[in-house]
Amino acid sequence: MRELTFAESINEALFQVMDLSNEVLVLGQLVDYQPGVFGTTTGLFEKFGKERVRDFPVSESAMTSAAIGASLVGLRPVLVHQRLDFMMYSLDAIVNWLSLWRFKSNGESGAPVTIRAVVGKGWGQGPQHSKSLHSWFAHLPGLRVAVPATAYDVKGLLMESILGEDPAIIIENRSLFSMKTHVPEDPYRVRFGQACIFGKGTDLSIICIGVMVPVALRVAAMLVEKDIRAQVVDLRSLSPLDKERICESVAQTRRFVVLDPGWEAFGASGEIISVVCEELAGELEANPLRVCLPNSHTPMSSALEAMYYPTEDTVLQRILEWLNIN
Amino acid sequence: MKLSHETIVQSGPYSEVSIEGFDKETVLKLYEFMVRLRRCEKALMQEYHPADEIRCPVHFTVGQESVSAGLSQILKESDYMFSHHRLHGYFLAKKAPMRALFAEMYGRETGANGGKAGSQDISMSSVNFFGGAIVAGTVGIAVGTAMGLKIKGSSSIAVTGFGEGAADEGAFWEAVNYAVLSRLPVLFVCENNLYATFSPQHKRQARDNLSARVGAFGVETHSIFGNDATAVYDTLAYAAEKVRSGKGPIFIEAYTYRWNGHVGPEGDDDVGYRPAAELKYWKQNCPIHLLEKKMYEAGLITDEILDVMLEKIDAEIADAFAFAKSSPFPDVEDWERMNYSPDESLADRLLLDAKPVDFDQYQEFAIPKPY
């Protein structure tokens, strides 16, 4: 079976969607150079030319506004932010214009803009090159937010958002870029609001987001040795959230842990726990557990990084403590 | 002598309005548009309190009628008009119906946006009009539409209307730069009315030379007295034509002044932010009166013609009020659905549905490289 890396899969998605629709543009800093934003846009400029693949000035706000404007005449811009932190300049364009454009026009006008934002992790990226902010974006009405974990999912979600009519933010964690899965050659879609479940264990649901998915799967394997059988729920998108499958899973297991690669306070993990408890609080056999980033900005030193980011060992530790207590 | 708010007031009553060389029909249309816009605004202001059925912030245009009058004569149906919050003039310049404007302000289902947007955020895609209340926000959007129009080989243009306050925002300059860099068919129209709510331009901007600063980016700029309706029209017509021909963006700074407060029918002169003499000057050099005087002199208008015009205008306004007041309020079934599109037809047509695959979680996490 043909395998691609996460980065190659994004690249293929962009090639295919630009072939399928002449209206797709790719805008972003350095998208037309050979490195192509970690290999994700490599080759696009050579094939599709400078009108459709644009090295945009370091003007994230104008780039996002321009994308909205271009979408009004039928184009489908894909914006690329080499580091999610940079897109903070475009928050007004996203919050005050992109996310509410359809609403304020009473459904008559849409802005099918897709934003790809790459999240840094490790090698001293530090506080200004490591933010994920998926919780912020998921909180905003009018946006679709995806946090794909696998090469397979990122191609499907990217094609779905580019050919869809809603603005979407695809949050891509760099640590995943070299990981492979089978990726079908044909254009395909992974729908928003559809989680996928790995495993059938009925002792524990591990609900996870993005870069925590491989961690969750490793932890699930380690738990088997302790005679605990888990099922891993990869959310794939946060907005919309697949509340049904989350609750279905926890209805079976009665215990759940959330692994969120974002800060603990006021984040996605709180939302997920709330969604479960609103339906199943009375049926849980343990209080919910969440393992997130500490409520701190990201340090640069590798020694600090090792303490900051949850690993399969620290997550396993937390789960075992939690299960013993309960 | 460089044009500025200071020099304009200093040079006394404006006497340079001319209708010579202009097509009579056009002059009449400019005049009628301004009269219609002003009467519309005044009627709304009159009706606002104590009825309190218009329940949204409204930013009236009284005193600033000539720019939108000029635009009404040069905008094509296929052109895109973007605006900030003080948008009634631009809305009407795009030939959008008064009924849709009024009903929107009354929060009714029949409003341009079904009561979702109100006055300051109104849009009407069927006439390619888009407004919004975050200052400078639509400037970048207009630039993007111009980019799209150029990519599509269209001969349409994007026009963006804003006040001088928009040039306080960094995003404004990003947009200007990109318009020049990509040589885009966008017309920047700045109505410099001196004030951002209470705060005058010289309190916010280091230099009173907006046109020069924009020009430094490589844009052709024109700085004009904004209450001279034929001169404004002339400049807009020239600029639109040139932008349409693909020669790149043009920036027009029209000096003008609003009579009323920043927002609402209530005045705000009790705040004491602007000199009485200044307001008096601009009222005396009102765009309608300046043009009207010349038209009377040339016999282009008479009291009889004006009476007929006013009757027609007042009937339209009365009809718009009646329509708005008798329209139903909107209802909501699903709040979330109003924020998303039900249309998946393109993806349905082009994409297969995914089937699950295995994932080997023991692969190495990538170590970040620079690029």
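For the reader, a short list of remarks on this structure follows.
- Helical contribution to [θ] at 222 nm, DSSP H n ≥ 4, -39,500 (n - 2.57), averaged over chain A, rounded to 500: -10500 deg cm²/dmol
- Scaled radius of gyration (Cα, divided by 2.2 N^0.38 Å) that segment B:158-248 gives: 1.09
- Across all directions, the shadow cast by the convex hull of the protein assembly as shown built on its C-alpha atoms averages 33.4 square nanometres.
- Most mobile listed residue (A:K121, A:K104, A:K180) in chain A, GNM with C-alpha springs under 10 Å: A:K104
- Ranked B:T160, A:T314, criterion: other C-beta atoms within 10 Å, fewest first: A:T314, B:T160
- Counts of other chain beta carbons within 10 angstrom of each beta carbon in peptide A:147-156 average 2.
- Cβ-based exposure ranking for A:F15, B:F225, A:F177, B:F188, in which fewest neighbours within 10 Å come first: A:F15, B:F225, A:F177, B:F188
- The P(r) of chain B has a tail past 39 Å containing 21 percent of all C-alpha pairs.
- Helical contribution to [θ] at 222 nm, DSSP H n ≥ 4, -39,500 (n - 2.57), averaged over chain B, rounded to 500: -13000 deg cm²/dmol
- Counting neighbouring beta carbons within 10 Å and listing from fewest to most, the residues A:V80, B:V135 come out as B:V135, A:V80.
- Counting DSSP beta bridges with both ends in segment A:179-308, the antiparallel % (nearest 5): 20 percent
- Counts of other chain beta carbons within 10 angstrom of each beta carbon in peptide B:182-190 average 1.
- Rg/Rh for segment B:74-159 stands at 0.99; both radii use Cα atoms, and Rh follows the Kirkwood definition.
- Whole-number D in µm²/s for segment B:239-309 (Stokes-Einstein; Kirkwood sum over Cα pairs; 20 °C, 1.002 mPa s): 134 µm²/s
- Between A:L91 and A:D19, the contour length at 0.36 nm per residue exceeds the Cα-Cα span by 22.9 nm.
- Approximate shape of segment A:22-162 as ellipsoid semi-axes (Cα gyration tensor, √5λ), whole Å, largest first: 22, 20, 15
- Debye intensity ratio in log₁₀ form over the Cα atoms of segment B:1-98, taken at each q of 0.13, 0.18, 0.20, 0.21 Å⁻¹: -0.60, -1.00, -1.11, -1.15
- Computed from Cα atoms, the angle from the helix B:65-74 axis to the main principal axis of chain B rounds to 60 degrees.
- Shielding by partners - mean other protein chain Cβ count within 10 Å, residues of A:212-224: 2
- Debye intensity ratio I(q)/I(0), log10, chain A, q values 0.07, 0.10, 0.11 Å⁻¹ (C-alpha model): -0.28, -0.56, -0.68
- Computed label-point distance, nm, for sites B:Y296 and B:S155 using a 7 Å Cα→Cβ extension: 4.2 nm
Read-outs throughout are calculated quantities, based only on the coordinates presented, and are distinct from any laboratory measurement. Please read all numbers here as calculations on a predicted model, not as lab measurements. Virtual Cβ from ideal backbone geometry, glycine too; neighbours counted across all protein chains shown.
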